[in-house]
Amino acid sequence: MEVGIVGKPNVGKSTFFNACTLGHAEIASYPFTTIDSNIGVAYVTSQCPCKELNITCNPQNSKCIDGIRLIPVKIIDVAGLVPGASEGRGLGNKFLDDISRAKALIHVVDAAGSTDEEGKPCKIGTHDPVEDVRFLENEIDSWFFNILHKNWKKFSKRIHLQHEEFIKVVAEHFSGLEIKEEDLYLSLRECDLNTEKPDTWKDEELKKFSTVLRRVTKPIVIAANKMDVAPKENLERLKEIGYKIIPTSAEAELILRKAKDFVDYVPGSEDFEIKSEKTTEKQKHALEIIKNVLNEYGNTGVVQCLNYAIFDVLERIVVYPVEDENHFTDKKGNVLPDAYLMKKGSTPHDLAYEIHTDIGKNFIYAINARTKMRIAEDYKLHNRDIIKIFSAAR
C-alpha cells in the first residue's frame, strides 16, 4: 500500500515526508525498513485493543505507545511538480512514474500562499493555493488523456473489429498504473459514454473520461501546510473546492519527532510534555510556539492526513490475527502481535491470504477472539477485530 506525497517545490513536501518517517529506524525487523531516497515508512494510528482488554501488548509488525497502535504504511516522496510535468518538463517523467505506484495522494499545498506557481518564494498571501490544487488536477488529467489519446485508434479497432470488451482492453493498457477493471466500471458509469463505439468519442469526451478516471484511481487529500502563518481566508477558500482539507504544520511535527530525547509525544496527539530539564531557551521558545499551534488547531495535521488517506479514502480497517484466542497471542506468546490493514468488506478468508498464501489456500474457519465464537466465512471484518484463523497449513 502506497501513499504519494505530492506538491510543487518549497511547499514543505519534503518536511512532511521526513516528519512522517523520522525516528523509527530502530525497528529493523518491521515491514518496509529497506527504503531508498524517495520511499519510506510512515505510521497510521488506531486505538489498540490492549487497554480495552486490560492487557499489555507486545507488537511485532507495528508499535504501541500508550494504547495507540502505530501501523506501518509505505509512502512515496514524489518529485516536485512544475507546470508542464505531463509533457515531461522538469522532473515530470519521474513525478508521473512515482504517482503511478500510489493508491492515494496527499497534496501538500502552501496554504500561506508564500510560493509562486514554480515554487519560488514570494510574499505571504500573494499566491492563491487553490491554483496549485487545480494545477495538480490538470497535470494528472493531461497525463491520463495523453496515454489514452495516443492509443485510442488502436483501442477502437480492437473493440470494433475483434469484438473485445472495452473494459478489458483499457485495463490491460493501464495495468502498469495499477488501474483495475472495477475502476474503469466506476469511471464509465459516471461518464455515461458509449463503450461499444469508442471510435465515435471526441477529444472532449476522452478528456472527461480521463478526469473521472483520475478522481477514481488517484484520490487526493489536501494538506494545507504552513497553517500557523496562512491567512485564514486561504484556508476557507481551500475548504470550498470539494476536497478534504486538513490544516497542517509539517515543520512542527518534524520538530516534535526530532525532539524525542526530551519531549514525550505520540504522533498525531494534541499535546506533548517536556521530559528533560536540559532544554535550552531557544528550544523552549520553539516548543512554546508549537504548543500554541496545537492549542489552536488540535494537532499538527500530519498523522491526520495519513489516517484520512488510509482509513477514509482507501477504506482500510485494522484487524489483529492471533493463534491463541484465549490469551490473544501468537504461538510465541506475543500479545496482539500483528496489526493488518484490510480493505473494508474483507472476510476472514481474505485475512488468511494476507497472513500467508498457504494459510489462505488451506483456510478452514475463523473465530472471533473476543466472543470465542466461530464466524461465517463471508463475515465482513470490523475495525479492531481480533481473529483466530484455523487452517490446515498451520
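The values are calculated or read from the model by the stated rules, or taken from the named source; none is laboratory data. Predicted model only: the values in this text are computed from it and were never measured. For neighbour counting, all protein chains shown are included, and Cβ atoms are generated from backbone atoms with ideal geometry for every residue, glycine included.
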Do we find that G80 is part of a loop (DSSP other than H, G, I, E, B), at pLDDT below 70 and small (G, A, S) in this structure? yes
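This table checks each residue for (1) free of Cβ contacts under 8 Å to residues at least 12 places away in the same chain; (2) among the hydrophobic types (A, V, I, L, M, F, W, C); (3) on the phi > 0 side of the Ramachandran plot.
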site: C305; (1), (2), (3): no, yes, no
site: A309; (1), (2), (3): no, yes, no
site: E315; (1), (2), (3): no, no, yes
site: K332; (1), (2), (3): yes, no, no
site: L351; (1), (2), (3): no, yes, no
site: T357; (1), (2), (3): yes, no, no
Against the condition surrounded by 13 or more Cβ atoms within 10 Å (Cβ to Cβ), on the phi < 0 side of the Ramachandran plot, part of a helix (DSSP H, G or I) and in contact (Cβ under 8 Å) with a residue 12 or more places away in the chain, how does L193 come out, does it pass? no
Given the conditions (1) in contact with a Ser or Thr (Cβ under 9 Å, 6 or more places away or on another chain); (2) within 28 Å of D271 (Cα to Cα); (3) crowded, with 19+ Cβ neighbours inside 10 Å, which single one is not true for V322? (2)
Quick check: is even one residue across the range 173-182 assigned by TED's automatic domain parsing to the domain that holds E204, modelled with pLDDT under 80, in contact with a Phe, Trp or Tyr (Cβ under 8 Å, 6 or more places away or on another chain) and not hydroxyl-bearing (S, T, Y)? yes
Pairs, first touching a residue at least 12 places away in the same chain (Cβ under 8 Å) in the range 359-372, second aromatic (F, W, Y) and assigned to a loop (DSSP other than H, G, I, E, B), C-beta under 8 Å, six or more apart: A366/Y379; A369/F328
